Amino acid sequence: MDIINHDILIVGGGGAGLRAAIAISQMSPSLKTAVISKVYPMRSHTVAAEGGSAAVLNDDDTHDLHAYDTIKGSDYLADQDAVEVFVRDATNEVRQIERWGCPWNREEDGTIAARWFGGMSRKRTLHAADKTGFHLLHALFQTSLKFDTLKRYDEWHVCALLVDNGKVGGVLALNTRTGVFSILSAKAVILCTGGVGRMYAFTSNAGIKTADGAALTYRAGGPIKDMEFIQFHPSGLMRTGILITEASRGEGGYLFNKDGKRFLENYAPSKMELAPRDIVSRSIIEEILAGRGFKGTYGSYIHLDLRHLGEAKIMEKLPMVRELCLDFAGMDPVYDPIPIRPTMHYTMGGIHCDKDGKTPMPGLFSAGEAACVSIHGANRLGSNSLTELLVFGARAGRTAVEYVSTAKPVSADKLQSLAKDRMDFIQKRYMKAGNGKEKIGAILSELRKTMDEKVGIYRTEEPLKEAIQIIQKLKERFNKITLTQQSRVFNTELTAAMELDNMLEIAHVIAMCAQVRKESRGGHARKDYPTRNDEQFLHHSLTYQGKDGPRRETFPVTITKWQPEERKY
Amino acid sequence: MAEEIKITVTRYNPDKEAELKTQTFTIPYHNDWSILDGLNYIKAELDGTLTYRWSCRMAVCGSCGMMVNGTPRLTCSTYLNEFYPGEITIEPLANFPIIRDLVVDLTDFMDKLKEVKPWIIRKNKSDENDTSKEYIQTTAQMDKYYQQTLCINCTLCYAACPVYGLHPDFIGPAVIALGYRYNNDSRDQGKDERRKFLASEDGVWKCTVVGDCTEVCPKHVDPSAVIQRTKVDNATNWFFSFLKGKK
């Protein structure tokens with residue numbers, strides 16, 4: 001098999017991957033660095049982030065306040081040393097992306113403007129209208145083009161990490177354009193592959209968010225962390241789950257039930273609509289369960305009302321919300337309230353790594369939604385994730401540069417034999433001309449239904465156990481899939497099969513960790529264990545692939561100066 | 001009986017045959033389904049080999065552009081109900097080489113994108129990474145280029161452009177608009193570096209002002225107007241440099 005040699009390989013061309021790539025290209029232009037992505041980088045899901053990016057810029061704000069808000073938001077599961085690094089680096093990173101062309105909205109004097117966001121005690125969410133992720137991604141991508149030394153593999157699909165005695169030496173990858181598999185060797189691999197969203201049916205996530213990084217790590221023997229913590233965003237557009245940004249509440253929008261009441265006063269009276277996402281999402285579900293939702297073709301919903309903001313403000317601050325409502329819900333928020341319900345949005349858990357992006361496996365690094373540092377703990381505050389991409393993308397890039405200065409590559413012979421094993425596995429598992437009757441689409445829709453119904457906003461013991469059983473059955477059914485085609489060029493049926501396999505593997509971990517964690521913390525809400533239990537569960541879940549399924553260990557949470565207290569808003 | 005709609009798609013698999021074919025699928029009709037929903041239905045239920053690109057399904061990633069009844073559109077935000085009860089024909093974006101079925105080759109576009117130097121250029125290079133403070137930029141200054149930042153690189157404008165169809169060397173609408181975006185950003189000082197490319201033989205002067213690019217742009221970037229403004233700007237620049245005796 002062909003081997004293409006590199007020093008550092010970044011998997012994923014979204015915000016974190018590109019920020020890492022730029023950091024490396026600036027620090028060490030002589031290194032052979034490449035970004036490998038299953039889509040063109042500007043298609044990555046960072047593009048869909050809307051509301052903003054949090055950082056301390058104003059005089060009335062401090063890094064400690066941002067850290068405290070983040071830690072309280074995390075329900076005390078965040079690692080506080082990492083959060084302190086995060087808020088400090090954030091200030092520089094948002095200015096850096098400004099210098100690279102990001103069109104941040106401005107104050108009258110031409111300095112960067114900020115808006116309110118959920119769980120933030122100061123106005124610190126910088127924004128480029130409500131297309132912040134779009135602008136940030138394009139600024140990063142376009143800036144990355146100036147580095148001639150940075151190579152890209154666009155529309156290549158990573159199938160496996162190549163690991164020799166625990167040390168990562170590269171990846172086995174499929175060039176979808178040609179259908180040819182190659183070895184891309186590297187002394188360091190940085191996984192920036194995003195989250196797991198597509199295993200849920202009602203999600204804001206793009207089609208490409210298929211748990212790839214977590215699954216690659218897990219199969220290669222590495223641990224993944226805190227996978228039970230899934231964020232449901234309060235405002236998903238009915239039918240599609242498309243995101244309507246939290247900025248619509250940050251700019252003054254209200255949530256109403258069918259009785260015309262701003263019901264948040266019963267759940268988070270001091271913050272109202274700007275309480276953190278886990279709390280607002282649960283409040284909406286409570287209202288719907290109590291019969292105070294509106295009824296529609298696609299189920300019950302509540303109203304997000306922006307009408308009082310007026311057309312001018314909506315066009316200035318929330319133009320994308322209006323565009324999305326017109327294009328995907330056939331209504332205009334200037335004149336009508338928006339029908340919404342909570343939508344699966346973000347994966348707090350991910351590849352276990354530290355504040356420098358380092359995983360326990362030599363040569364493996366991670367950043368962005370794929371990673372779990374953890375700064376978000378059990379619940380991420382809105383607008384901390386775009387900042388996270390910048391801060392930890394850059395940090396992981398720099399750490400990798402340092403690592404490769406002394407690391408030895410895995411030998412070509414060894415890589416060939418590792419790749420051959422993986423190739424045999426892929427041939428057998430996905431490309432066999434089998435006689436199974438199972439279809440990718442059918443297994444995927446059952447997985448998504450199961451996750452929505454049994455591993456959703458509220459969880460209880462029995463449904464979680466059922467979910468685990470169903471997922472195990474789906475895994476068995478997966479063994480009987482047959483692709484309808486064996487052709488090479490752009491075989492999206494083959495890549496869809498690999499993605500589904502990734503999601504099944506990680507869904508199992510999510511359901512299992514959710515079942516073991518018998519407490520309610522942040523985004524993990526157990527109906528049967530409704531309170532937080534610090535004595536038994538103030539720890540991270542670390543999960544490894546075991547012989548008969550996931551094997552769970554625990555890992556301590558780092559607390560520096562903010563002792564856990566009751567989380568109330 | 002439930003309502004149905006017919007979708008005819010282009011099929012092409014270079015592994016198997018050299019020629020394009022078409023295939024017609026009949027799918028259930030829902031008045032709130034996008035064309036992309038229809039294609040996803042075909043792939044999941046009827047034919048797993050149908051090949052096309054998509055990702056965000058909210059009109060911002062730029063992946064799912066195709067010819068819909070002859071016009072370049074984003075299929076995620078174009079609805080079956082616009083055509084029902086008529087039939088729908090989906091073809092790969094015009095003017096690009098076809099890789100397979102509805103997937104086209106964007107290599108040429110990606111190369112041109114880089115060539116226009118779409119990044120902030122400063123005379124003093126250390127400005128580019130100075131994070132001690134932001135550049136000051138007023139909203140009025142931002143308004144001079146903001147509309148052109150909204151391009152999602154969906155390449156619908158290339159599929160619509162008759163000049164690009166005839167002369168594939170033409171830089172094309174989106175890339176010229178991107179050059180304009182940086183040239184008119186008060187933080188940028190790289191206009192001179194971009195001029196050679198934008199005002200080259202294959203640059204703005206090739207445009208014959210058909211205006212189809214602006215017509216089909218889903219984000220109102222208005223490349224056509226921008227190309228004309230860039231022409232004026234370059235002509236003026238040429239005139240002044242002539243006066244100063246540079247040419």
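Given the criterion surrounded by fewer than 20 Cβ atoms within 10 Å (Cβ to Cβ) and more than 27 Å from B:S63 (Cα to Cα), identify the matching residue among A:K72, A:K32. Working first, answer last.
Numbers: A:K72 fails: surrounded by fewer than 20 Cβ atoms within 10 Å (Cβ to Cβ).
One residue alone meets the criteria, A:K32.
(1) open to solvent by less than 10 Å² (accessible area, probe 1.4 Å); (2) closer than 18 Å to A:A16 by Cα; (3) not in a helix (DSSP H, G or I): which one isn't true of A:L390, the others all being true?
Among (1) open to solvent by less than 10 Å² (accessible area, probe 1.4 Å); (2) closer than 18 Å to A:A16 by Cα; (3) not in a helix (DSSP H, G or I), the lone unmet condition for A:L390 is (3).
Quick check on A:V94: is it open to solvent by less than 20 Å² (accessible area, probe 1.4 Å), touching a strand residue (DSSP E or B) at 6+ places or on another chain (Cβ under 8 Å), of a type in the set (A, V, I, L, M, F, W, C) and assigned to a helix (DSSP H, G or I)? Break it down stepwise before answering.
Details: open to solvent by less than 20 Å² (accessible area, probe 1.4 Å): yes; touching a strand residue (DSSP E or B) at 6+ places or on another chain (Cβ under 8 Å): yes; of a type in the set (A, V, I, L, M, F, W, C): yes; assigned to a helix (DSSP H, G or I): yes.
In short, yes.
Just give me the residues in region A:474-509 being without any contact (Cβ under 8 Å) to a residue 24 or more places away in the chain and among the acidic types (D, E), in sequence order.
Going through region A:474-509, the residues without any contact (Cβ under 8 Å) to a residue 24 or more places away in the chain turn out to be A:476, A:484-485.
Within region A:474-509, just A:E476 meets the criteria.
Does any residue in region B:168-187 that is acidic (D, E) come within less than 9 Å, Cβ to Cβ, of a residue that is outside any helix (DSSP H, G or I) six or more places away or on a different chain, and which pairs are these?
From residues that are acidic (D, E), the pairs are B:D169/B:E201; B:D169/B:D202; B:D185/A:G101; B:D185/A:P103; B:D185/B:I120; B:D185/B:Q137; B:D185/B:K144; B:D185/B:Y145.
Out of all the residues in region B:28-48, which are in a loop (DSSP other than H, G, I, E, B), surrounded by fewer than 19 Cβ atoms within 10 Å (Cβ to Cβ) and within 9 Å of another protein chain (Cβ to nearest Cβ)? Walk me through it before giving the result.
Pass one, region B:28-48, residues in a loop (DSSP other than H, G, I, E, B): B:29-33, B:47-48.
When the remaining residues are screened for being surrounded by fewer than 19 Cβ atoms within 10 Å (Cβ to Cβ), the result is B:29-32, B:47.
Of everything in region B:28-48, those that are in a loop (DSSP other than H, G, I, E, B), surrounded by fewer than 19 Cβ atoms within 10 Å (Cβ to Cβ) and within 9 Å of another protein chain (Cβ to nearest Cβ) turn out to be B:D32, B:D47.
What is the residue count in region A:88-104 for residues that are touching a residue at least 40 places away in the same chain (Cβ under 8 Å) and of a type in the set (F, W, Y)? Explain how you work it out, then say what you get.
Here is the first cut: in region A:88-104, the residues touching a residue at least 40 places away in the same chain (Cβ under 8 Å) are A:89-90, A:93-94, A:96-97, A:100-101.
Going one step further and asking which of them are of a type in the set (F, W, Y), we end up with A:100.
Residues meeting the conditions: 1.
Go through region A:52-64 and give me each residue that's open to solvent by 10 Å² or more (accessible area, probe 1.4 Å) and touching a Ser or Thr at 6+ places or on another chain (Cβ under 6 Å).
Across region A:52-64, the qualifying residue is only A:V56.
Every residue, every condition in (1) open to solvent by less than 10 Å² (accessible area, probe 1.4 Å); (2) within 14 Å of another protein chain (Cβ to nearest Cβ), yes or no:
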{"position": "A:L161", "(1), (2)": "no, no"}
{"position": "A:A188", "(1), (2)": "yes, no"}
{"position": "A:G213", "(1), (2)": "yes, no"}
{"position": "A:I230", "(1), (2)": "yes, no"}
{"position": "A:G241", "(1), (2)": "yes, yes"}
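Taking region A:59-80 as the region of interest, how many residues are of a type in the set (A, V, I, L, M, F, W, C) and in a helix (DSSP H, G or I)? Before you say what the answer is, go through the steps one by one.
Taking region A:59-80 and keeping what is of a type in the set (A, V, I, L, M, F, W, C), we get A:65, A:67, A:71, A:77-78.
This time we only want the ones that are in a helix (DSSP H, G or I), so: A:65, A:67, A:71.
Residues that pass the stated criteria total 3.
If A:F202 passes every condition in (1) surrounded by fewer than 24 Cβ atoms within 10 Å (Cβ to Cβ); (2) in contact with a Lys or Arg (Cβ under 7 Å, 6 or more places away or on another chain) but one, which one does it miss?
(2)
Can you list the helices (runs of 4 or more DSSP H) found entirely within region B:53-158 that contain at least 3 residues being within 9 Å of another protein chain (Cβ to nearest Cβ)? Explain how you work it out, then say what you get.
On the way: elements: B:107-115, B:139-143, B:146-149.
Counting at least 3 such residues, we get B:107-115, B:139-143.
Based on what the data block shows, is B:L150 assigned by TED's automatic domain parsing to the domain that holds B:E115, open to solvent by 40 Å² or more (accessible area, probe 1.4 Å), modelled with pLDDT of 95 or more and of a type outside the set (D, E, K, R)? Quick ask: steps written out before the conclusion?
Working: assigned by TED's automatic domain parsing to the domain that holds B:E115: yes; open to solvent by 40 Å² or more (accessible area, probe 1.4 Å): no; modelled with pLDDT of 95 or more: yes; of a type outside the set (D, E, K, R): yes.
So B:L150 fails the test.
Return the residue satisfying two criteria in turn: it lies in region B:161-187 and is assigned to a loop (DSSP other than H, G, I, E, B) and more than 11 Å from chain A (Cβ to nearest Cβ), and of such residues it is most open to solvent (accessible area, probe 1.4 Å). Even if it seems obvious, please write down each step before you answer.
Step one: of region B:161-187, the residues assigned to a loop (DSSP other than H, G, I, E, B) are B:161, B:167-172, B:184-187.
Imposing the further condition that a residue be more than 11 Å from chain A (Cβ to nearest Cβ) reduces the set to B:161, B:167-172, B:184.
On the way: B:C161: 15, B:H167: 85, B:P168: 77, B:D169: 103, B:F170: 3, B:I171: 3, B:G172: 0, B:N184: 47 Å².
Selected residue: B:D169.
Is it true that A:G110 is touching a strand residue (DSSP E or B) at 6+ places or on another chain (Cβ under 8 Å), within 13 Å of chain B (Cβ to nearest Cβ) and not in a strand (DSSP E or B)? Quick ask: steps written out before the conclusion?
On the way: touching a strand residue (DSSP E or B) at 6+ places or on another chain (Cβ under 8 Å): no; within 13 Å of chain B (Cβ to nearest Cβ): yes; not in a strand (DSSP E or B): yes.
So A:G110 fails the test.
For region A:511-560, give me each residue that is of a type in the set (D, E, K, R) and closer than 24 Å to A:I279 by Cβ. Break it down into steps so the answer makes sense when it comes.
Let us first name the residues in region A:511-560 that are of a type in the set (D, E, K, R), namely A:517-519, A:521, A:526-528, A:532, A:534-535, A:547-548, A:551-553.
Across region A:511-560, the qualifying residues are A:R517, A:K518, A:E519, A:R521, A:R526, A:K527, A:D528, A:R532, A:D534, A:E535.
For region A:59-91, what are the residues that are among the aliphatic types (A, V, I, L, M) and over 22 Å from the mean Cα position of the chain (by Cα)?
The initial filter retains those residues of region A:59-91 that are among the aliphatic types (A, V, I, L, M), namely A:65, A:67, A:71, A:77-78, A:82-83, A:85, A:87, A:90.
The answer is A:L65, and nothing else.
Which of the residues spanning region B:188-200 are away from chain A (no Cβ under 13 Å), open to solvent by 10 Å² or more (accessible area, probe 1.4 Å), part of a helix (DSSP H, G or I) and not basic (K, R)?
Hits for region B:188-200 are B:D192, B:F197.
Go through region A:410-424 and count every residue that is open to solvent by less than 80 Å² (accessible area, probe 1.4 Å) and closer than 22 Å to A:N479 by Cβ. Outline the logic, then answer.
So the first thing to find is which residues in region A:410-424 are open to solvent by less than 80 Å² (accessible area, probe 1.4 Å), and the list is A:410-412, A:414-419, A:422-424.
Restricting the remaining residues to those that are closer than 22 Å to A:N479 by Cβ gives A:422-424.
So the answer is 3.
Here is a list: A:R552, A:R477, A:R517, A:R521. Which entry is open to solvent by 20 Å² or more (accessible area, probe 1.4 Å), under 21 Å from A:V373 (Cα atoms), among the basic types (K, R) and away from every other protein chain (no Cβ under 14 Å)?
Values: A:R477 fails: under 21 Å from A:V373 (Cα atoms); A:R517 fails: open to solvent by 20 Å² or more (accessible area, probe 1.4 Å); A:R521 fails: open to solvent by 20 Å² or more (accessible area, probe 1.4 Å).
Residue meeting the stated conditions: A:R552.
Looking at A:R292, is it within 20 Å of A:E273 (Cα to Cα), assigned to a helix (DSSP H, G or I) and without any contact (Cβ under 8 Å) to a residue 60 or more places away in the chain? Steps first, please.
Details: within 20 Å of A:E273 (Cα to Cα): yes; assigned to a helix (DSSP H, G or I): no; without any contact (Cβ under 8 Å) to a residue 60 or more places away in the chain: yes.
Judged against the criteria, A:R292 is not a match.
Name the residues in region B:212-221 that are buried (at least 18 other Cβ atoms within 10 Å of the Cβ) and more than 14 Å from chain A (Cβ to nearest Cβ), would you?
The initial filter retains those residues of region B:212-221 that are buried (at least 18 other Cβ atoms within 10 Å of the Cβ), namely B:212-214, B:216-219, B:221.
Passing the criteria: B:D212, B:C213, B:T214, B:V216.
Conditions (1) more than 20 Å from B:K21 (Cα to Cα); (2) modelled with pLDDT of 95 or more; (3) open to solvent by less than 10 Å² (accessible area, probe 1.4 Å), marked per residue:
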{"position": "B:M67", "(1), (2), (3)": "no, yes, no"}
{"position": "B:E82", "(1), (2), (3)": "yes, yes, no"}
{"position": "B:R100", "(1), (2), (3)": "no, yes, yes"}
{"position": "B:F109", "(1), (2), (3)": "yes, yes, yes"}
{"position": "B:P118", "(1), (2), (3)": "yes, yes, yes"}
{"position": "B:R122", "(1), (2), (3)": "yes, yes, no"}
{"position": "B:T138", "(1), (2), (3)": "yes, yes, no"}
{"position": "B:L156", "(1), (2), (3)": "yes, yes, yes"}
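Is it the case that A:D148 is within 11 Å of chain B (Cβ to nearest Cβ), open to solvent by 20 Å² or more (accessible area, probe 1.4 Å) and more than 30 Å from A:N491 (Cβ to Cβ)? Before you say what the answer is, go through the steps one by one.
On the way: within 11 Å of chain B (Cβ to nearest Cβ): yes; open to solvent by 20 Å² or more (accessible area, probe 1.4 Å): yes; more than 30 Å from A:N491 (Cβ to Cβ): yes.
So A:D148 passes the test.
For A:K261, are the conditions met, namely being open to solvent by 10 Å² or more (accessible area, probe 1.4 Å) and out of contact with any helix residue (DSSP H, G or I) (no Cβ under 7 Å at 6 or more places or on another chain)?
On the way: open to solvent by 10 Å² or more (accessible area, probe 1.4 Å): yes; out of contact with any helix residue (DSSP H, G or I) (no Cβ under 7 Å at 6 or more places or on another chain): yes.
Against the criterion (open to solvent by 10 Å² or more (accessible area, probe 1.4 Å) and out of contact with any helix residue (DSSP H, G or I) (no Cβ under 7 Å at 6 or more places or on another chain)), A:K261 qualifies.
For A:E316, which of the numbered conditions (1) buried (at least 24 other Cβ atoms within 10 Å of the Cβ); (2) modelled with pLDDT under 95 fails to hold?
If we test A:E316 against (1) buried (at least 24 other Cβ atoms within 10 Å of the Cβ); (2) modelled with pLDDT under 95, just (1) comes out false.
The values are calculated or read from the model by the stated rules, or taken from the named source; none is laboratory data. These numbers come from a predicted model, not from an experiment. Every residue, glycine among them, receives a Cβ derived from its backbone with ideal geometry; neighbour counts consider all protein chains shown. Areas reflect the complete protein model, heavy atoms only, side chains present, ligands, DNA and RNA absent. Shrake-Rupley method; radii C 1.70, N 1.55, O 1.52, S 1.80 Å.
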